[in-house]
Structures are given as structure tokens and as C-alpha cells.
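First up is the structure itself, then whatever we jot down about it.
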Amino acid sequence: MAATDVAAVIGVREAGGGFVDDLRAVRVVWKRELIRFFRNRMRILTSLAQPVLFLFVLGTGLARMLPSGGRHVDFRTFMFPGVIAMTILFSSIFSAVSIVWDREFGFLREMMVAPVRRGAVLLGKCLGGASVATLQGIVMLVLAGLVHVPYKPTLLLTLVVEMALIAFALTAFGTLIASRMAQVESFQVVMQFFVLPMFFLSGAVFPLRGLPHWLSALTKVDPLSYAVDPMRRAIFGHLKVSASLAHTLNPGMTWNGWRLPTLFELAIVIVLGSGMLALAVVRFSKPD
């Protein structure tokens, strides 16, 4: 009996790197990232420790910075979207470091010799990391009521969608950095160079209004700024505050006086995330 006849009888199919195989690879890698996350309970707790400290310790300490009319708004309410962005940022970067870890210990090579496109492996990694980061952000939403953010379904749904887009973009950024890193230590040093400046320049802890020109220019080139502003705008849209106070605490991102619409900001996040993932795929396609 010919080999093709045997394959037809027992249902054997050769993996040829087709679209179906790529989808299966994306699902398997995505699922692996989720399994690793849920099995590491210490990671879940420690990744939330720093955002909680920023929200309740730093936020309480900086409450006196509010203007006199701010007695109707808790400063921690202002910081809440920035703290969510911090949670997603650190979770996304931690997910990306697994790429370097897998390369250093040889597991990545085993995935790369699979009969699927390398882009499928990276997409699965990116979607898995984004899913984990979004779950971390959802956990932070449980604390919303403690900082006077209302538990309104429309607001929570809006924040979850925005968090998912932000998580995808940040995981793609981490994946791009990790695409040619060979050691975990090197990756951590490089990411420290980006993570803290991205966080502090995003408007997470101070309004993007009345800043010096050089600082205002830096906030505009920070991709995280276009992620924090839509979440803060959604939250302030569900708060009862005066127009003057809302303008002070939620001035939004502006280009030459034009305040960027929310959909435009989210489009920037999506384009940046897709572009960085595409660059990561190109870099991964090059032989080591």
C-alpha cells in the first residue's frame, strides 16, 4: 500500500505551514502564556504591588497638589488610569522577557523549527502577553470604587477594550526589543531605559498642561501618552466635576492646540503596535 493510501486511511496529515497551521500555532503559544501566568501566583501578586503603592501611597501624598476646587475630586481618581497603564506596562514587559528566557534556554529554537511561520509564533506570544496584561488591568479595576471611580458597565467595558489595545501595543514593543536579545540581563537593562521614562512622561502622575516646551514635546513622542489619555477621558466622562477642574486635570493630548479625539489616539496605539510587531517578525526571520 502506498504511503499516500496509508495517510488517507489513518488520517495523517503533513504540516505544511499553511494558514490553518499558523492559526493552530498562534492558539498553542497564546494558551501557553496563559497557563504560565495562572500557574505563577506569586507573579500575579508581585506585579500588582507596585501599582497599588503608587495609587494609595503616592496618590495620597500628592493629593495636596490639587487646586482648591479639587476637594470634589480625589487625586487618586486622577491617577487611576495612569496606574492601570503602569500595571499593563510592567505585565507586558514581563511577558516579553519570556522570549529572551526561551532563547537563552533553547526552547525558542524548538518552536522556531516548527513547520509554521515565525510570525505566527510571535503573534501568539504577543496575544498571550496582551491577554495576561489585560487580565492584570482588570484586577486593578476591582479597586476602582476605592478611588471614587464608578462601577458603570459602559465605563468598565470601555476601559477593558482600551486596556486590551494598550496591552497589545506594549507587548509588541517588548517583543521588538526582545527579538534580538540573547540574555535576560541585557533585556532588563535596556527595558529599564524605556519603561520609567515612558511611564512618567505619559501624564500618569501629572496633567499634561502648562508644561515647559521641552517636556511637552517629550510627552507627545511618548506612545504611552496616547494610551493613558483615552482611559482618563472615559473616567472623567462619568464624573460630576466642574468644567474648569476637568480642563485642569484632563486637558488631553493636543497637537498645536488641537485636542486629539479618542478614536484617533487609539488608532495611533493600534498602528504603533502593529508596526512594532511587524518589525519584530522581520528581525526574527533573520538567522541567528
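The values are calculated or read from the model by the stated rules, or taken from the named source; none is laboratory data. The structure displayed is predicted, hence computed values, not measured ones. With ideal geometry, Cβ positions are generated from the backbone for all residues, glycine too; neighbour counts draw on all protein chains shown.
Listed values, structure above:
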item	result
Selection from the stretch 153-196 of residues that are closer than 20 Å to M276 by Cα and of a type in the set (D, E)	E162
Checking T171 against (1) within 22 Å of M231 (Cβ to Cβ); (2) of a type in the set (S, T, Y); (3) modelled with pLDDT under 90, the condition it does not meet	(3)
Helices (runs of 4 or more DSSP H) within the stretch 201-281 that include 2 or more residues at pLDDT 90 or above, among the β-branched types (V, I, T) and within 28 Å of I93 (Cβ to Cβ)	213-221, 225-236
All positions within the stretch 158-169 that are buried (at least 24 other Cβ atoms within 10 Å of the Cβ) and within 8 Å of A130 (Cβ to Cβ)	A167, F168
Filter result for the condition that a residue is surrounded by 13 or more Cβ atoms within 10 Å (Cβ to Cβ) and within 14 Å of V132 (Cβ to Cβ), over L48, L55	L48
Candidate set: the stretch 261-272, residues that are touching a Pro at 6+ places or on another chain (Cβ under 9 Å) and in contact (Cβ under 8 Å) with a residue 24 or more places away in the chain; chosen: the one surrounded by the most Cβ atoms within 10 Å (Cβ to Cβ)	E265
Residues of the stretch 174-205 satisfying the condition of being among the aromatic types (F, W, Y) and buried (at least 19 other Cβ atoms within 10 Å of the Cβ)	F187, F199
Only listed residue being modelled with pLDDT of 80 or more, of a type outside the set (K, R) and under 15 Å from the mean Cα position of the chain (by Cα), chosen from L123, L146	L123
Qualifying residue in the stretch 236-259 (condition: at negative phi, in contact with a Leu (Cβ under 7 Å, 6 or more places away or on another chain) and in contact (Cβ under 8 Å) with a residue 60 or more places away in the chain)	yes
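Here's the yes/no breakdown for (1) within 26 Å of L58 (Cβ to Cβ); (2) out of contact with any strand residue (DSSP E or B) (no Cβ under 6 Å at 6 or more places or on another chain); (3) in contact (Cβ under 8 Å) with a residue 12 or more places away in the chain:
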{"residue": "M163", "(1), (2), (3)": "yes, yes, yes"}
{"residue": "L170", "(1), (2), (3)": "yes, yes, yes"}
{"residue": "L176", "(1), (2), (3)": "no, yes, yes"}
{"residue": "Q183", "(1), (2), (3)": "no, yes, yes"}
{"residue": "F193", "(1), (2), (3)": "yes, yes, no"}
{"residue": "F199", "(1), (2), (3)": "yes, yes, yes"}
